[in-house]
Each structure stands twice: as C-alpha cells, then as structure tokens.
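For reference, the structure discussed in these notes is given below.
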Amino acid sequence: MRIKGEENYFDITSAKPNKKEFVALKLKLLRWGALRLSQNEKANVFTRLAIPYNPYYPEPYERWTLRGLYDLDKGEIIVGDDFWNFVASDNIYEELLDVFQEVGEDLRDEVDEKFAEFRTGR
C-alpha cells in the first residue's frame, strides 16, 4: 500500500503473539523488505506488523514479548486506531467501530443461530 510516497507492507497478526511468533513475524517482514529492494534498491519500503485492536485499551499496547525486536518509535508495530487511521489516511477508527456495531446488531440473530448449531452439533 503506497502512503505518502512510501511502500508499506503489513502483516496483520493477533493481538497477543508470543515471543516465537514475534520473531517469526520479524523475519518475514525483513524478507519482504529484502525481496522488494532486490527488485528496486531505491524503493522507499517500510514493513510493519499490524495489530487490528488494542486489548489493553485505554492503556497503550505493550507486550514484553516484542521488546528488542521492533522499533516502536518508527512505527514497525502499528496497533488499533493507529493502524486503521494510517491505512485510511484519515481519522476513521470511530466510524469503523460504529459500522461493526451496526452490522453486529443487524446480524445478531443469525450469528446466535450459527453458534447454537455448533453447540448442539447440528
């Protein structure tokens, strides 16, 4: 995704990866950057790990398992509202939550029925 003249490559992961997963994801991001730069060494490439929501909200996202692996100050990990607003190049996170809320309410009965099927084994 090109944003402000920069090629951004995201790997979207779960909210609480363990240390082994963080290491594997870091290696994948480094590989992506290297592959892109092997095609064009002047490409303005940035790889990022994206976490779609912050399970610690309203506190900042913080996991001991990522310390020393990622440069948080440079945005190598982008979490929750920061991720969605960055991708949209606009302040859309609250609107996105509203859409999810509305769709959830509209589909509540259908979702409940599907979960009931799983519980009963139908």
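Taken together, the values in this text are just the output of simple stated rules run on the coordinates, not laboratory data. Quick caveat: nothing in here was measured; it's all calculated off a predicted structure. For neighbour counting, all protein chains shown are included, and Cβ atoms are generated from backbone atoms with ideal geometry for every residue, glycine included.
Suppose the filter is assigned to a loop (DSSP other than H, G, I, E, B) and among the polar types (S, T, N, Q); does Asn85 pass it? Reasoning before the result, please.
Working: assigned to a loop (DSSP other than H, G, I, E, B): no; among the polar types (S, T, N, Q): yes.
Answer is no for this residue.
Is it the case that the range 88-105 has a residue that's touching a strand residue (DSSP E or B) at 6+ places or on another chain (Cβ under 8 Å) and either surrounded by 10 or more Cβ atoms within 10 Å (Cβ to Cβ) or closer than 16 Å to Met1 by Cα (or both)?
As a first pass, look at the range 88-105 and keep what is touching a strand residue (DSSP E or B) at 6+ places or on another chain (Cβ under 8 Å): 89.
So of that shortlist, the ones also either surrounded by 10 or more Cβ atoms within 10 Å (Cβ to Cβ) or closer than 16 Å to Met1 by Cα (or both) come out as 89.
Among the residues of the range 88-105, at least one is touching a strand residue (DSSP E or B) at 6+ places or on another chain (Cβ under 8 Å) and either surrounded by 10 or more Cβ atoms within 10 Å (Cβ to Cβ) or closer than 16 Å to Met1 by Cα (or both), which makes the answer yes.
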Look at Glu102 and say whether it is under 17 Å from the mean Cα position of the chain (by Cα) and either part of a helix (DSSP H, G or I) or not aromatic (Phe, Trp, Tyr) (or both).
-> no
